[in-house]
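Following: one structure in structure tokens, then a few remarks.
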Amino acid sequence: MLIGVIADDFTGASDIANTLAKGVPPEGGLRTAQFSGVPTRAVASGIEAGVIALKSRSAPAEEAVRESLAALNWFRAQGCRQIVFKYCSTFDSTPAGNIGPVAEALARALDAKGVTVCPAFPTMGRTIYQGHLFVHDRLLSESGMEHHPLTPMTDPDIRRFLSKQTSTPVGLVPQQVVALGADAIAAKLAAAGQAGQVLCVVDAVCDGDLLRIGKASDGAPLLTGGSGIALGLPRNFIVRGDATGNEGTFTPAHGPAAILAGSCSGATRGQIDQHIAAGHPVYPIDVPEVLAGAVTAETLTEFISENPGAPLVYSSGAPDVVRQIQDRYGREVVAAQLDELFAETARQLLRRGWRRIVVAGGETSGAVALAVARELDVEAMTLGPEIDPGVPVLSLGQQEPVLLALKSGNFGAPDFFSKALDVMGGIR
Ligand SMILES: Nc1ncnc2c1ncn2[C@@H]1O[C@H](COP(=O)(O)OP(=O)(O)O)[C@@H](O)[C@H]1O
Ligand SMILES: O=C(O)[C@@H](O)C(=O)COP(=O)(O)O
């Protein structure tokens, strides 16, 4: 294994695994596998890039650091030469962590300084200029992310926000330097390191910038960012002949399907509206009823079983509704109960023969994907086709694989849900 990625959530993991598997022409990508947590068993030989999905984004900082270091140790044992810490392209975190503490701990363990911090994903409108993160034409803090249920983002200045989470000063490589090319970027990062800046925000406003950063990162032990940071990495290994590249085989699955949505993002709520307008069966989950024990995984499984095609169950609500529920019951309590509801629903569906599940939301995907991995006793997932930017199909198991699509809350076209099922084998 050459590249090891530590991802702080499951949708983010499949996003960067997709980037590594695709790469850019003419070289293409690497043979990539995604793991649910730190693997406990030997993995297939020939994997060139591994992505460990952790559910650490909303965990306490100490726990996130511990799990990330365990992932690092596993990758080191596999011989990885480059480690990437993947977080959200909207830098989802709180002032108490976890991006700063995890990145500093990894840098310490790898003796790295002047480490790139670059959440840019221009295809999805996430760009960084003078250290400020934009989502399309809005600053992060006016993009809707200021209403996120778990990690509301109210400061678009990534250098200033990250500094609240770190014990060392944070540097900046401005776009004017990035535009000069790989040598200029590498020199600026080295100077930052010498000045004691362990982490350094690197501007990127287009894929060209990410490719220049990728080239500058050849040989770097550690970089951190969104999935865009991986865009230029496969080429470094392929042109040197260290990697042979991705062959990309995929077998669709047939049989019943289900869509589970716990994301409350504007994009997901729009996709739900579109799914309803298209006449597909939907079940809106009443969250107080879940907390009262009146709506359970059995309720959802029954609804899905009785409504073939593209049945959708969702808890997603508008920001004011979510706030009211959190104020009444507590944010963590609600999140834990909904995670378990979706996880148990997935377990029950697998036991009834379901082999295609689409999930919307990072936390929700983490809960579901971990439950599926444990239920099937399969730790590694391989990459199938990309449904929409940043969302691939994941395949678990060899014979009759189970297919998952883990959609980041903010990603996907308005018709994402039916599109995902089409790619996975059709709606029937
Ligand atoms: N109606 C609701 N009220 C309160 N919290 C909710 C509701 N629906 C979902 N949640 C919680 O909101 C969070 C959404 O996060 P996540 O699944 O990561 O989505 P996203 O990818 O949009 O960030 C989860 O913790 C989920 O349990
Ligand atoms: O970088 C991104 O935006 C995604 O890969 C990601 O991390 C998604 O997280 P959620 O929005 O919580 O699904």
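Counting Lys and Arg as +1 and Asp and Glu as -1 over every other residue whose Cβ lies under 12 Å from the Cβ of Phe134, the net charge comes to -2.
Tell me the net charge near Val115. Cut-off is 14 Å between Cβ atoms, Val115 excluded, with +1 for each Lys or Arg and -1 for each Asp or Glu. Spelling it out: positives minus negatives among the neighbours equals +3.
Per residue, the accessible area of the chain comes to 37 Å² when a 1.4 Å probe rolls over the protein heavy atoms.
Calculate the length of the line joining the C-alpha centroid of the stretch 150-194 to that of the stretch 334-358, in whole Å. After rounding, the separation between the Cα centres reads 39 Å.
Ligands, DNA and RNA aside, Tyr129 has an accessible area near 100 Å² when probed at 1.4 Å.
Quick one: compute a quarter of the convex hull surface over the Cα atoms of the stretch 251-304 and quote it in nm².
5.1 nm²
Only Cα pairs under 8 Å and 6+ residues apart enter the sum, and on that basis the relative contact order of the chain stands at 19 percent. The residue among Leu189, Cys206, Met145 whose Cα reaches farthest toward the positive pole of the charge dipole of the stretch 120-244, with charges on the beta-carbon of Lys, Arg, Asp and Glu, is Leu189. Kirkwood-type hydrodynamic radius, the stretch 257-424: 15.8 Å, calculated from all non-identical alpha-carbon pairs. Protection proxy ranking of 334-342, 318-326, by the mean of other Cβ atoms within 10 Å over each peptide's residues and highest first, is 334-342, 318-326. The convex hull around the C-alpha trace of the stretch 3-239, projected and averaged over every direction, spans 11.3 square nanometres. Only lysine pairs 8 or more places apart or on separate chains count here, and in the stretch 3-239 those with Cα atoms under 23 Å apart total 13. At the residue level, Asp286 shows approximately 70 square angstrom of accessible surface with a 1.4 angstrom probe and all protein chains present. With contacts taken as Cα pairs under 8 Å and at least 6 residues apart, the stretch 257-424 reaches a relative contact order of 30 percent.
For the chain, the mean residue ellipticity at 222 nm estimated from helices alone is -11500 deg cm²/dmol, where every DSSP H run of n ≥ 4 contributes -39500 (n - 2.57) and the total is divided by all residues, rounded to the nearest 500. For the stretch 3-239, the fraction of 1.4 Å probe accessible surface lying on carbon and sulfur atoms is 54 percent. Over the C-alpha atoms of the stretch 214-354, the Rg to Rh ratio, Rh being the Kirkwood estimate, stands at 1.12. Two numbers describe the Cα atoms of the stretch 359-418: Rg and Dmax, which are 11.6, 33 Å.
Note on the stretch 223-246 and the stretch 70-142: Cα centroid distance 16 Å, given to the nearest whole angstrom. Here the stretch 335-390 exposes an accessible surface that is 49 percent carbon and sulfur, computed with a 1.4 Å probe and the other protein chains kept in place.
Note on the stretch 310-371: the alpha carbon radius of gyration divided by the globular reference 2.2 N^0.38 Å gives 1.21. Within the stretch 204-309, report the GluC sites (Glu not before Pro) that DSSP leaves as loop and that have at most 15 other Cβ atoms within 10 Å. Answer by residue number: Glu247.
Filter the trypsin sites (Lys or Arg not before Pro) in the stretch 46-150 down to the DSSP loop ones having no more than 14 other Cβ atoms within 10 Å, then list what survives. Don't skip to the answer; put the middle values down first.
On the way: sites: Lys55, Arg57, Arg66, Arg76, Arg81, Lys86, Arg108, Lys113, Arg126, Arg138; in loops: Lys55, Arg57, Arg81, Lys113.
Sites meeting the loop and neighbour criteria: none at all.
Among the trypsin sites (Lys or Arg not before Pro) found in the stretch 192-247, those both in a DSSP coil and sparsely packed, with 15 or fewer other Cβ atoms within 10 Å of their Cβ, are Arg240.
Restricting to Cα pairs below 8 Å that are 6+ residues apart, what does the relative contact order work out to for the stretch 3-239? Please round to a whole percent. Show your work: numbers first, answer last.
Numbers: 542 pairs, mean separation 59.3, N = 237.
In percent, rounded to a whole number, it is 25.
P(r) tail, the chain: Cα-Cα pairs separated by more than 43 Å, 8% of all pairs. Ignoring aspartates and glutamates fewer than eight residues from Lys419 along the same chain, the ones with Cα atoms less than 15 angstrom from its Cα are Asp273, Glu386, Asp388.
The values are calculated or read from the model by the stated rules, or taken from the named source; none is laboratory data. Just so it is clear, the model here is predicted, and its values are computed rather than measured. Virtual Cβ from ideal backbone geometry, glycine too; neighbours counted across all protein chains shown. Remember, those area values only see protein heavy atoms, side chains included, never the ligands or the DNA or RNA. Shrake-Rupley method; radii C 1.70, N 1.55, O 1.52, S 1.80 Å.
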